[in-house]
1. Please list, ordered by residue number, the strands (runs of 3 or more DSSP E) wholly in the stretch 122-207 having 1 or more residues that are under 21 Å from A102 (Cβ atoms).
2. Among the residues of the stretch 173-208, how many are in contact with a helix residue (DSSP H, G or I) (Cβ under 9 Å, 6 or more places away or on another chain), hydrophobic (A, V, I, L, M, F, W, C) and under 30 Å from S107 (Cα atoms)?
3. Being among the acidic types (D, E) and more than 19 Å from the chain's Cα centre (by Cα) narrows it down to one of D187, D122, D127, so name that one.
4. Cβ contacts < 6 Å: first residue in contact (Cβ under 8 Å) with a residue 24 or more places away in the chain and among the aliphatic types (A, V, I, L, M), restricted to the stretch 56-72; second residue open to solvent by less than 70 Å² (accessible area, probe 1.4 Å) and part of a loop (DSSP other than H, G, I, E, B), any location; separation 6+ or different chain. Result?
5. Anything in the stretch 189-205 that is open to solvent by less than 60 Å² (accessible area, probe 1.4 Å) and charged (D, E, K, R)? List them, or say none.
6. Looking only at the stretch 57-81, count how many residues are open to solvent by less than 70 Å² (accessible area, probe 1.4 Å) and over 17 Å from the mean Cα position of the chain (by Cα).
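The values are calculated or read from the model by the stated rules, or taken from the named source; none is laboratory data. Quantities reported herein were computed from a predicted structural model and do not represent experimental measurements. Heads up, the Cβs are rebuilt from the backbone with ideal geometry, glycines too, and the neighbour counts pull from every protein chain shown. Heads up: the accessible areas ignore ligands, DNA and RNA and are worked out on the full protein's heavy atoms, side chains in. Shrake-Rupley method; radii C 1.70, N 1.55, O 1.52, S 1.80 Å.
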Amino acid sequence: MKTGLKQTLLFGAMILQAAILTCCAGKSGAGNGTAEQKSQDAKTATDKAPNYLITAKGAGDFVLGKEAPASVAGYEIKKELKDGEEGTEDMITVLYEKGEKALEIISDDSKVFYPEIIVYSDKYHTDKGAKTGTTLDELVKMYPKYSLWFSYISDWFTFTPEETERIQFRLDSKGFTGKEDSLYRSDRIELSLKDFKPDTKVIAIRIY
């Protein structure tokens, strides 16, 4: 009787142990599946991450010389007239984000302007991190070889890196400390760092 009871208890213990192992294996598999799903979700999120890189070809998904799409998620798109450098005006595409001007796009269809993109949003940046809001001092560290000049035609104080001449940084005129009467002697006046405050900021970026 005692032997039969021991066998019964032993058999029951074996069944219980097997049940526990099966349960643990199931939970482990479920855990792995969750991890795999999270990994896949992260990859999908990365694949859909916005492109804000500025290159000589454009700004993010907006390509130089091509008309902006009729609609872009997150942006309000308007057609506006812009004054040209020779007293003319043309219709351009302007993208607004939350009421703030983010981009101006001038396409190949323009009869007055050359194709160009002007960036105002600080979300867009170069591969070295330069963007609107970057200071002149920071620009010089990023791009040690550059030209610094003013043109009354565009009314821009411009910082142009030698390595990427198709990208120009417009500096805030409030940072200029030089002599204003010297700015209109020619259509392009070369300037130096001493003509600006070190913390003068970039207010726009032109790609052309």
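1. Per the criteria, 156-161, 167-171, 202-207.
2. 3
3. When all the criteria are applied, what remains is D187.
4. Taking only residues 6 or more apart or on different chains, the pairs are A59/Y124; L64/P115.
5. D195
6. The number of residues fulfilling the criteria is 4.
Table: residues versus (1) open to solvent by 30 Å² or more (accessible area, probe 1.4 Å); (2) aromatic (F, W, Y); (3) modelled with pLDDT of 95 or more.
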site	(1), (2), (3)
V119	no, no, yes
D127	yes, no, yes
V140	yes, no, yes
I167	no, no, yes
G175	no, no, yes
D187	yes, no, no
I207	no, no, yes
